[in-house]
Structures are given as C-alpha cells and as structure tokens.
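Read the structure below first, then the notes.
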Amino acid sequence: MGPLRNQRHEAFCQALAKGEPISHAYQTAGYAPDNGHASRLATNGNVQSRVAELQGKAAAKLEITLEKLLRDLEEIKANAKRDRQHSAGARATELQAKLAGLMVERREVTNFTAEIDFTRLTEADRRSIDAMIDKVSAPVRRH
C-alpha cells in the first residue's frame, strides 16, 4: 500500500501503529482535539489497512510470529519442568493456550448500585427485606 497521500492521515497511522490511543494519535497528526472525528478517521478503510501494514512491518522486523512465541513458551515450559518450577510451566502452558485461541479470559463486572425508595415499600416488602438481612447476618453454626 505504501504511505497515504494525506500527510496528516499518514502521521495518524504512524502514531496508531506505535500504540498511541486514537485521541492522542489524532492530535499528534496535527488535528485539533476531537474524539468523534478521531474515532471516525480510525475506522477509515485506508487508515486501517495502513496501520495493519505498519504493524506487520514492525512485527516482521522483530520477527514476532505466533509460531515463534509458541516455540519460546515451549522452551520455557521445558526449562521449568527440568528445574521443577511447576508454576512457571503451568503459566507457560496457559499462555500457549491463550495465544492459540483455546482459552479466553472473562471477567464479570459486578459494580452495581441501585437506589431504593424505602418510603414506597409495603409492610410485606419490609418484612421480606428484614428476613433476608437476618438470614445473611445470622452467625454461622458449626456442628
């Protein structure tokens, strides 16, 4: 593909390929701060292709490939096994699985807050809530 004709678009691509956040890359390219325009430019097909090309060239320079990473982890795993470092070996196996797409990290977000208007609760609602509170705050009985 080669460099983009629009110099600011090219500068934007260069900054993105180096890992800058979209909003910073937009300003690095000489644009006034505008997250909306920055996001829109980042979805431009030519920009995405150019960033992929630049990142591919950078990876090729470093010779980083999935195969090489997996081989390196295999070597680490073998050394860990030899040295009886089981946690390091397990971690290397986990990383191999993630790189191969066999394992996906999931996180549950439980940051939930709710406002309750207690003035609107019925007497039955209050008794039910009191019972739940009593249940969770009761001391644990050990047999």
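Could you go through the stretch 3-15 and let me know if any residue there is of a type outside the set (A, V, I, L, M, F, W, C), in contact with an Asp or Glu (Cβ under 8 Å, 6 or more places away or on another chain) and either touching a residue at least 24 places away in the same chain (Cβ under 8 Å) or open to solvent by 70 Å² or more (accessible area, probe 1.4 Å) (or both).
Yes, some residue in the stretch 3-15 is of a type outside the set (A, V, I, L, M, F, W, C), in contact with an Asp or Glu (Cβ under 8 Å, 6 or more places away or on another chain) and either touching a residue at least 24 places away in the same chain (Cβ under 8 Å) or open to solvent by 70 Å² or more (accessible area, probe 1.4 Å) (or both).
Determine whether residue 100 is open to solvent by less than 90 Å² (accessible area, probe 1.4 Å), at pLDDT below 80 and under 20 Å from the mean Cα position of the chain (by Cα).
yes
Applying the selection to the stretch 20-42, what residues are under 19 Å from the mean Cα position of the chain (by Cα) and either at pLDDT below 90 or of a type in the set (S, T, N, Q) (or both)?
Answer for the stretch 20-42, where residues must be under 19 Å from the mean Cα position of the chain (by Cα) and either at pLDDT below 90 or of a type in the set (S, T, N, Q) (or both): 23, 39.
If you go through the stretch 60-99, how many residues are part of a helix (DSSP H, G or I) and either among the small types (Gly, Ala, Ser) or at positive phi (or both)?
Total satisfying the criteria: 9.
Under the condition of being open to solvent by less than 60 Å² (accessible area, probe 1.4 Å) and either of a type in the set (S, T, N, Q) or in contact with a Cys (Cβ under 8 Å, 6 or more places away or on another chain) (or both), which residue from the stretch 50-64 is nearest to residue 3 (Cα to Cα)?
Applying the filter and picking the extreme gives 50.
In this structure, does residue 46 turn out to be open to solvent by 50 Å² or more (accessible area, probe 1.4 Å), touching a His at 6+ places or on another chain (Cβ under 9 Å), farther than 26 Å from residue 95 by Cβ and not charged (D, E, K, R)?
Answer is yes for this residue.
The values are calculated or read from the model by the stated rules, or taken from the named source; none is laboratory data. For clarity, every value in this text was computed on a predicted model and none was experimentally measured. Here the Cβ is made from the backbone with ideal geometry for all residues, glycine too, and neighbour counts use every protein chain on show. Note: accessible area is taken over every heavy atom of the protein model, side chains too, but ligands, DNA and RNA are not part of it. Shrake-Rupley method; radii C 1.70, N 1.55, O 1.52, S 1.80 Å.
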